[in-house]
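Before any comments, here is the structure.
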Amino acid sequence: VTTPSRPVCVAVVGHVEWVIFARVQRVPLAGEILHPEETWEEPAGGGAVAAVQLAKLAGEATLFTSLGDDELGHRAHRELQDHGVRVEADFRDVRQRRAFTFIDENGERTITTLGERHGPRRSDPLPWEELAATDAVYFTAGDDGALEAARQAGVVVATARELRSLARARVAVDALVGSRRDPWEEYTRGDLKPPPRFAVRTAGADGGSYETADGRRGTFAAAPLPGPRVDAYGCGDSFAAGLTFGLGAGLDLDEALAMGARCGAACLTGRGPYRGQLRLAAERPRTTGSL
Ligand SMILES: Nc1ncnc2c1ncn2[C@@H]1O[C@H](COP(=O)(O)OP(=O)(O)OP(=O)(O)O)[C@@H](O)[C@H]1O
Ligand SMILES: [Mg+2]
């Protein structure tokens, strides 16, 4: 995989979930009581996971998001900054969205979300104009205006989970990323007008496949795991972050997919979403104001 020689300016427009993790031998059966071997909590969700991964690749990343104006929302804000992310958040008068995740003895994650998913709105007082000077953005949540703001960037990658918003906003995305095993992320040619340049479908240890807007199909291989398998939470969004970074750096699709695959594999080797994530860049000094 090529490592870009110039700085790549990256951002995420998306959501954050406060996640409680419980490591168990297996997910409980109906009616059981389980005693986890280990529990911990941290800010996660697709927008947060990808922003932290992007900061580790690019040295810096900005997350445009919306957080609950409560203890967990503010704690998420602090902890994501501690992970090297510049967080541009609108604090809304709602409870921070939470989630509960089992990690079983194979490292598989089983997630229950609690509360609504909050993306940023264009009317939120965030530095949207900066996105015009951004190489690549990953979109996981936000209103139509937020998506249009994201489109000012050189490259836009979006999660297939937001297919409905993407269809409604009629904003062209460069790459759409969905997981084969997730029925909420199903994309069929024709769902989006204009269509994404690349529709990517991930398939865990099998890597994945893609289809271009002109109907060309291809596959990509998974990368070797750089360590033992620990915890699958966040592989998909770490993959998407790697792809976003690669496309933003001007890599071709195959190289950018390989970068994504390295990130997805690395994420699997650490506890929670962040510990295993691939790091390429030293963190750049934190800036305030302009990028
Ligand atoms: N067991 C594995 N070995 C190597 N690479 C993997 C493995 N699992 C995932 N990956 C990498 O991560 C990418 C995304 O994984 P996957 O398809 O499981 O996403 P996902 O279902 O969205 O995951 P999650 O929702 O848990 O984040 C894959 O395309 C692959 O490149
Ligand atoms: Mg996923």
Of all residues in segment 142-162, how many are within 16 Å of ligand 1 (Cβ to nearest atom) and open to solvent by 30 Å² or more (accessible area, probe 1.4 Å)?
-> 1
When segment 9-47 is checked residue by residue, the ones that are crowded, with 24+ Cβ neighbours inside 10 Å and away from ligand 2 (no atom under 16 Å from the Cβ) are Val10, Ala11, Val13, Trp18, Pro43
Being within 16 Å of ligand 2 (Cβ to nearest atom), surrounded by fewer than 19 Cβ atoms within 10 Å (Cβ to Cβ), under 23 Å from Arg275 (Cβ atoms) and modelled with pLDDT of 95 or more, is that true of even one residue in segment 204-217?
-> yes
Selection count, segment 106-145, where residues are part of a helix (DSSP H, G or I), touching a residue at least 60 places away in the same chain (Cβ under 8 Å) and not charged (D, E, K, R) = 3
Run Arg168 past the list (1) within 16 Å of ligand 1 (Cβ to nearest atom); (2) over 28 Å from Ala261 (Cβ atoms); (3) basic (Lys, Arg) and report the number of the one that doesn't hold.
-> (1)
Residue check, Glu162 acidic (Asp, Glu) and assigned to a helix (DSSP H, G or I) = yes
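Here's the yes/no breakdown for (1) of a type in the set (Phe, Trp, Tyr); (2) in contact with a helix residue (DSSP H, G or I) (Cβ under 7 Å, 6 or more places away or on another chain):
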site	(1), (2)
Trp18	yes, yes
Ala22	no, no
Arg26	no, no
Ala30	no, no
Thr39	no, no
Gly47	no, no
Ala50	no, yes
Could you check how many residues of segment 170-186 are open to solvent by less than 20 Å² (accessible area, probe 1.4 Å) and of a type outside the set (D, E, K, R)?
-> 6
Report, by residue number, each residue of segment 67-86 that is part of a strand (DSSP E or B) and open to solvent by 10 Å² or more (accessible area, probe 1.4 Å).
-> Arg86
Cross-chain or 6+ apart pairs with Cβ under 8 Å, segment 179-201 first and among the aromatic types (Phe, Trp, Tyr), then open to solvent by 60 Å² or more (accessible area, probe 1.4 Å) | Trp184/Arg161; Tyr187/Arg201
Just checking, how many residues over segment 108-127 are within 19 Å of the chain's Cα centre (by Cα), open to solvent by less than 50 Å² (accessible area, probe 1.4 Å) and at pLDDT 95 or above?
-> 2
What number of residues in segment 227-260 are aliphatic (A, V, I, L, M), within 15 Å of ligand 2 (Cβ to nearest atom) and crowded, with 24+ Cβ neighbours inside 10 Å?
-> 3
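The values are calculated or read from the model by the stated rules, or taken from the named source; none is laboratory data. Since this is a predicted model, take the numbers as computed values, not measurements. Cβ: placed from backbone, ideal geometry, glycine included. Neighbour counts: every protein chain shown. We work out accessible area using only protein heavy atoms, side chains counted, and drop any ligands, DNA or RNA first. Shrake-Rupley method; radii C 1.70, N 1.55, O 1.52, S 1.80 Å.
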